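Trainee: Pasting a structure below so you can have a look.
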Ligand SMILES: Nc1ncnc2c1ncn2[C@@H]1O[C@H](COP(=O)(O)OP(=O)(O)OP(=O)(O)O)[C@@H](O)[C@H]1O
Ligand SMILES: [Mg+2]
């Protein structure tokens, strides 16, 4: 595994084939790049190429806003059962609620969820895992996020998509980790930027689809633990869970089963009613997030 050689001007933009050649034996491949650099498209092409070679292929979707695998506010693990027309067509294997659609608000939990789901996928026998990052690369926080992700996920290859040299310091970190191959690519000319409105619309649609079969479920807090998703703004107000708050419903093993929308937290704190597609009997814990969902 080596770095991609310098390209001459006029060379066609490198695509999945080149990335494939450069990451041939890497079980875990992490894609890093700013928003709208073609990460998800490359992840999809790479997953399809690996599948065509006969590997069992998993994808970890670390984008908690423009989520493809699992709803927004989650990191998802999917596996490719057949060629994927888009990343979201991977079969959902597991997800982790992080409580926010912004990695800035859920920095540590998002990094941890990505690492845990990669381990989960490898443990389940997936031979190759492609990790699609979240687009947080700029500034001190972007650097810290990408480096923390590299340290936690421990990829064998890091593929960096860049417009200019915005990932220079992240590449420096990746190169300092023993055993990591770094592949650095320019953004393909055709890559299109999504507007803020398109991103909002995507999140709204994905959440609406997730809640399509939701109904009111009353959880008894004598049996179900209530906790806050950890993050920079601390725990939710002790007065109760505000109506509309997105929550993650977990089983006894701490797996996120699905999302809920808090409806009514009775004043005595004895029950919490949520709209969800998850059956009440499966829920052992509720993780309270930071997003309020209205529809
Ligand atoms: N190599 C390519 N050639 C032409 N168009 C592309 C290419 N890669 C991606 N695109 C298009 O550019 C847009 C953005 O691509 P993509 O969603 O893969 O980027 P991303 O980095 O994952 O974005 P996000 O920040 O939203 O996660 C999409 O409309 C996609 O179809
Ligand atoms: Mg993407």
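The values are calculated or read from the model by the stated rules, or taken from the named source; none is laboratory data. Predicted, not measured: the structure shown is a model, and the values here were computed from it. Note that we place each Cβ from the backbone using ideal geometry, even for glycine, and neighbour counts take in every protein chain shown.
Trainee: Output the number of the condition that residue 194 fails; it satisfies all remaining conditions of (1) within 30 Å of residue 28 (Cβ to Cβ); (2) loosely packed, with under 14 Cβ neighbours inside 10 Å; (3) away from ligand 1 (no atom under 16 Å from the Cβ).
Mentor: (3)
Trainee: Between residues in the stretch 176-194 that are free of Cβ contacts under 8 Å to residues at least 12 places away in the same chain and residues that are not in a strand (DSSP E or B), which pairs lie under 9 Å by C-beta distance while being six or more apart or on different chains?
Mentor: Within 9 Å, the pairs are 190/13; 190/38.
Trainee: If you don't mind, another one. Could you check how many residues of the stretch 40-73 are touching a residue at least 60 places away in the same chain (Cβ under 8 Å), in contact with a helix residue (DSSP H, G or I) (Cβ under 7 Å, 6 or more places away or on another chain) and under 20 Å from residue 204 (Cβ atoms)?
Mentor: Summing the residues that are touching a residue at least 60 places away in the same chain (Cβ under 8 Å), in contact with a helix residue (DSSP H, G or I) (Cβ under 7 Å, 6 or more places away or on another chain) and under 20 Å from residue 204 (Cβ atoms) in the stretch 40-73 gives 9.
Trainee: Also: Hey, can you tell me all the residues within the stretch 89-107 that are modelled with pLDDT under 95 and out of contact with any strand residue (DSSP E or B) (no Cβ under 8 Å at 6 or more places or on another chain)?
Mentor: 102, 103, 104, 107 - these are the residues of the stretch 89-107 that are modelled with pLDDT under 95 and out of contact with any strand residue (DSSP E or B) (no Cβ under 8 Å at 6 or more places or on another chain).
Trainee: Considering only residues that are away from ligand 1 (no atom under 16 Å from the Cβ), farther than 22 Å from residue 230 by Cβ and in contact (Cβ under 8 Å) with a residue 24 or more places away in the chain, which ones fall in the stretch 112-130?
Mentor: 121, 122, 124, 125, 126, 127, 128, 129
Trainee: Surrounded by 14 or more Cβ atoms within 10 Å (Cβ to Cβ), modelled with pLDDT of 95 or more and more than 16 Å from ligand 1 (Cβ to nearest atom): is that true of residue 171 in this structure?
Mentor: yes
Trainee: Return only the number of the condition from (1) within 16 Å of ligand 1 (Cβ to nearest atom); (2) surrounded by 24 or more Cβ atoms within 10 Å (Cβ to Cβ); (3) part of a helix (DSSP H, G or I) that residue 41 does not satisfy.
Mentor: Among (1) within 16 Å of ligand 1 (Cβ to nearest atom); (2) surrounded by 24 or more Cβ atoms within 10 Å (Cβ to Cβ); (3) part of a helix (DSSP H, G or I), residue 41 violates only (2).
Trainee: How about the stretch 10-37: which of its residues are within 16 Å of ligand 2 (Cβ to nearest atom), touching a strand residue (DSSP E or B) at 6+ places or on another chain (Cβ under 6 Å) and at pLDDT below 95?
Mentor: 19 - this is the single residue of the stretch 10-37 that is within 16 Å of ligand 2 (Cβ to nearest atom), touching a strand residue (DSSP E or B) at 6+ places or on another chain (Cβ under 6 Å) and at pLDDT below 95.
One line per residue, one yes/no per condition, for (1) in a loop (DSSP other than H, G, I, E, B); (2) away from ligand 2 (no atom under 15 Å from the Cβ); (3) within 26 Å of residue 93 (Cβ to Cβ):
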position	(1), (2), (3)
131	no, no, yes
149	no, no, yes
164	yes, yes, no
174	no, yes, no
191	yes, no, no
205	no, yes, yes
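Trainee: From the list 58, 65, exactly one residue is surrounded by 22 or more Cβ atoms within 10 Å (Cβ to Cβ) and under 16 Å from the mean Cα position of the chain (by Cα). Which is it?
Mentor: 58 is the lone residue from the list that is surrounded by 22 or more Cβ atoms within 10 Å (Cβ to Cβ) and under 16 Å from the mean Cα position of the chain (by Cα).
Trainee: Separate question: Quick check on my filter: what residues within the stretch 259-295 are in a strand (DSSP E or B) and in contact (Cβ under 8 Å) with a residue 60 or more places away in the chain?
Mentor: Passing the criteria: 259, 275, 276, 285, 286, 287, 288, 289, 290, 291.
Trainee: Which one is surrounded by the fewest Cβ atoms within 10 Å (Cβ to Cβ), of the residues in the stretch 131-165 that are touching a residue at least 24 places away in the same chain (Cβ under 8 Å), more than 18 Å from residue 65 (Cα to Cα) and within 16 Å of ligand 1 (Cβ to nearest atom)?
Mentor: So the residue we want is 163.
Trainee: Same structure, new question: Taking the options 76, 82, name whichever one is modelled with pLDDT of 95 or more, surrounded by fewer than 19 Cβ atoms within 10 Å (Cβ to Cβ), closer than 18 Å to residue 44 by Cα and touching a helix residue (DSSP H, G or I) at 6+ places or on another chain (Cβ under 8 Å).
Mentor: 82
Trainee: Of everything in the stretch 50-77 that's more than 14 Å from ligand 2 (Cβ to nearest atom) and not in a loop (DSSP other than H, G, I, E, B), which residue is farthest from residue 149 (Cα to Cα)?
Mentor: Going through the qualifying residues, I end up with 52.
Trainee: Follow-up. Of the residues 209, 253, only one is part of a loop (DSSP other than H, G, I, E, B), under 23 Å from the mean Cα position of the chain (by Cα) and either closer than 25 Å to residue 93 by Cβ or modelled with pLDDT of 90 or more (or both); which?
Mentor: None of the others qualify; the one that does is 253.
Trainee: OK, next. Within 12 Å of the chain's Cα centre (by Cα), away from ligand 2 (no atom under 16 Å from the Cβ) and surrounded by fewer than 19 Cβ atoms within 10 Å (Cβ to Cβ): which single residue out of 112, 119, 91 fits that description?
Mentor: Result: 112 is the single residue among 112, 119, 91 that is within 12 Å of the chain's Cα centre (by Cα), away from ligand 2 (no atom under 16 Å from the Cβ) and surrounded by fewer than 19 Cβ atoms within 10 Å (Cβ to Cβ).
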